[in-house]
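One structure is given below, encoded as structure tokens.
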Amino acid sequence: MTLPAPSLDDRRFQDIVDEAKQRIPRYCPEWTDHNVSDPGVAIIELFAWMTELTLYRLNQVPDRMYTKFLDLLGIDLHPAQPARTDIWFWLSGPQTESVRIEAGTRVGTVRTENEPSIVFMTEEERTIVPPRLTACVTGTATGRFQDQWDQLRAETPSATVTCFGDVAPGDAFYVGFGEALGGNIIRLDVSAPITGRGVDPDDPPLAWEAWSGDEWEEAVVIRDTTRALNRNGEILLALPPRQAPLLVGPAQAHWVRCRLTSLRAGQSGYQQSPEITGLTVTGLGGIAPALHGEPVGREHLGRSTGTPSQTFTVLKRPVLDRPTDLAGAAATIGPGSETVVVSEPGLEDEVWTEVADFAYSGPDSRHFVWDGASGEIRFGPSIRQADGHFVQYGAVPRRDAEIHVTGYRHGGGRAGNVGAGTLKVLKSTIPFISRVENPEAATGGVDAETVDEAKARAPMWLRSGQRAVTGGDFERLTLEASPLVARARFLPAPDPDQPVEVLIVPRLDLEPDVIGLDDLRLRDDLVAQVRGYLDQRRLLNSTVLLRPPRYVGVMVVAQLTATEGVPDEHVRDRALRELFRYINPLTGGPEGKGWPFERNLGLGEVHSLLGAVEGVAAVGQVQLFVVDLGVANAEPQERGQQIALTDEALPMSYNHQVVIR
């Protein structure tokens, strides 16, 4: 636990007033009226109030000393993290030339009278390419391919393409394009007779995919009016961000395929393969990943004094993370990106490199440290050694040299966790783009770490430094790796040849009653960030597997009696709110910090929880059910008095039912 900060003076306003009144008979015996209406007492109270303010400021000294001690240890505050989402850019109409969406394109929410616009910027360039069909192939699960390009191009009624030859899982219909369409939104206008009998048109066993270069990645079906390829209609697809050429059967192209999948429970399949008599493809738009932040161009910071430990602060903050290499130092990037440039008249500009610290910087190393939370840029210090001489860590810009930052991004925080459909104002000019939107809510925005949070983290950091040896080390370092990690759980390897496991629960800024299984999935960039952080600190002979816990769906069915005069709707809402909060991997459990691992859920504590809800007069029958969250429309299974949870499982609320009698 952290050491409590002492109070240097614990006197309060009334204590000071009483102490002053006790001294009146000694210094002013003729003063006998000590009532609050006396002018002298009013003056005493005035000065007591001013003294209390001074004492309050004095008692902040220990916090400042603690913060300086953290700085001495090299413990920095985690900067704010930006929320991320995908932005869909829709064309005003079909184009004959490519439309480029540059990295840094700005999109924002609607500005209102009380709320400013929240701005997102795209993280990478996206090119909307006019699709050009070049090939068509059908294939079976056994590896037989047939070229259907001539059939698809023929304009005779008898020219049809049978999509699935054996009508077996794995059969696929392939459409090839001349150029890569990664991240594009396309429309397939399909002409198809009613031949694919037996299938449920509202739930067909079909998967649309695109070849990314490594694997077939799923494409999002935005709309399908063909009734499972059984009538003329259109299919709108959002393709994955990467697409690469591949040789399929006799043709090489950039492929999009429709694959026949295995049937789920209750799902009906094709008795006969659907057929296509015509197909045209149109480009409708593109999708680009974006984060909550705004780009800032070249900014003049000031002029060097030629002394060590100089600091300069950028105008906009917090500053988002810069590109980093595996060693933790920022990559060397040229002017126009995110770095510092030192310039002098008549001399070529010097590009300096950002590093995490100056521990390995020599006196001639053009290094600087950039604190994202405060926006402060610091140059190398000169440290006095034990024998009295000074050693310079990192070069110092020459006197009167101009210091510039070539660009940066500022933003981040919980404010960026905007809802779906709110980013619809295009703030950058792009020709032929009619509208923008974010179909999914932005997630991942986290405010900068507070000093109190850093003070709580410091003792854990001191216990074992920066080495992952014990299970506690792995959990602590996983939390340090990214502020997007809310919880971490270490599982030892059952066998020496197997890796240890670290379970990660991501941080979410969502209400407990709206958190779903998809929200708790681990992002690839988060896993890569944590893995890189742990790889630098684990033992050489240990391997680590990062994965989410196993989430167990829990449904509570309860009958309650409302207190007389309290509306049933209010009681039901309060009870449901408590259930979703308590049975939750992030906010649940007795302490409200997330349901503890290896703790079972009992019927008795649910009964007590509901009994404490405001407006509940009595708790009737309560039942516990378990639901498999990985299966659509799974049937709840009753669990009696207790739901047993393994050391890798966490409960998650699912569709609680509360009835007011």
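Data for the structure
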| quantity | calculated |
| --- | --- |
| Residues within region 509-551 that are part of a loop (DSSP other than H, G, I, E, B), touching a strand residue (DSSP E or B) at 6+ places or on another chain (Cβ under 7 Å) and either assigned by TED's automatic domain parsing to the domain that holds GLY630 or not aliphatic (A, V, I, L, M) (or both), tallied | 4 |
| Filtered residues of region 605-636 (kept if of a type outside the set (A, V, I, L, M), exposed (fewer than 12 other Cβ atoms within 10 Å of the Cβ) and either over 30 Å from VAL500 (Cα atoms) or touching a Gly at 6+ places or on another chain (Cβ under 7 Å) (or both)) | SER608, GLU614, GLN621, ASN633, GLU635 |
| Count of region 568-613 residues which are farther than 22 Å from ASP647 by Cβ and in a loop (DSSP other than H, G, I, E, B) | 2 |
| VAL396 vs. criteria under 30 Å from GLY93 (Cα atoms) and part of a loop (DSSP other than H, G, I, E, B) | no |
| Every pair of residues 6+ apart whose Cβ atoms lie under 6 Å, when the first sits in region 614-633 and is part of a strand (DSSP E or B) while the second is at pLDDT below 90 and basic (Lys, Arg) | LEU624/ARG639; VAL626/ARG639 |
| Sole residue being more than 30 Å from the chain's Cα centre (by Cα) and buried (at least 16 other Cβ atoms within 10 Å of the Cβ), chosen from GLY196, GLY183 | GLY196 |
| Candidates VAL167, VAL175, VAL190 - the one that is outside any strand (DSSP E or B) and of a type in the set (A, V, I, L, M) | VAL167 |
| Any hit, region 133-145, residues being within 19 Å of LEU279 (Cα to Cα) and outside any strand (DSSP E or B) | no |
| Residues of region 345-392 that turn out to be part of a loop (DSSP other than H, G, I, E, B) and either at negative phi or exposed (fewer than 13 other Cβ atoms within 10 Å of the Cβ) (or both), as a count | 27 |
| Matching entry among ASP513, ASP524, ASP519 (being within 30 Å of ALA617 (Cα to Cα) and not β-branched (Val, Ile, Thr)) | ASP513 |
| Pick from region 107-153, criterion more than 40 Å from the chain's Cα centre (by Cα) and polar (S, T, N, Q), ranking: surrounded by the fewest Cβ atoms within 10 Å (Cβ to Cβ) | THR142 |
| Members of region 628-641 that are within 35 Å of the chain's Cα centre (by Cα) and under 16 Å from ALA558 (Cβ atoms) | PRO636, GLU638, ARG639 |
| Conditions (1) over 31 Å from the mean Cα position of the chain (by Cα); (2) within 26 Å of SER434 (Cβ to Cβ); number of the one not met by ALA288 | (1) |
| Leading residue by the ranking (modelled with the lowest pLDDT) among those in region 461-508 that are small (Gly, Ala, Ser) and in a helix (DSSP H, G or I) | SER464 |
| Residue within region 489-507 that is in contact with a strand residue (DSSP E or B) (Cβ under 9 Å, 6 or more places away or on another chain) and within 30 Å of PHE89 (Cα to Cα) present | yes |
| Verdict on GLU591 being more than 32 Å from the chain's Cα centre (by Cα) and more than 19 Å from ARG639 (Cβ to Cβ) | no |
| Residue tally, condition more than 25 Å from LEU520 (Cα to Cα), in a strand (DSSP E or B) and β-branched (Val, Ile, Thr), over region 554-567 | 1 |
| Answer residue from region 410-452, given it is assigned to a loop (DSSP other than H, G, I, E, B) and free of Cβ contacts under 8 Å to residues at least 40 places away in the same chain and is farthest from ALA486 (Cα to Cα) among those | THR429 |
| Selection count where residues are modelled with pLDDT of 75 or more, over 26 Å from GLU124 (Cβ atoms) and among the hydrophobic types (A, V, I, L, M, F, W, C), scope region 316-361 | 3 |
| GLY266 surrounded by 14 or more Cβ atoms within 10 Å (Cβ to Cβ) and either at positive phi or small (Gly, Ala, Ser) (or both) | no |
| Qualifying positions in region 475-499 - under 15 Å from the mean Cα position of the chain (by Cα) and β-branched (Val, Ile, Thr) | VAL485 |
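The values are calculated or read from the model by the stated rules, or taken from the named source; none is laboratory data. Keep in mind the model is a prediction, meaning the values are calculated, not measured. Neighbour counts are summed over all protein chains in view; Cβ atoms, including those assigned to glycine, are modelled from backbone coordinates with ideal geometry.
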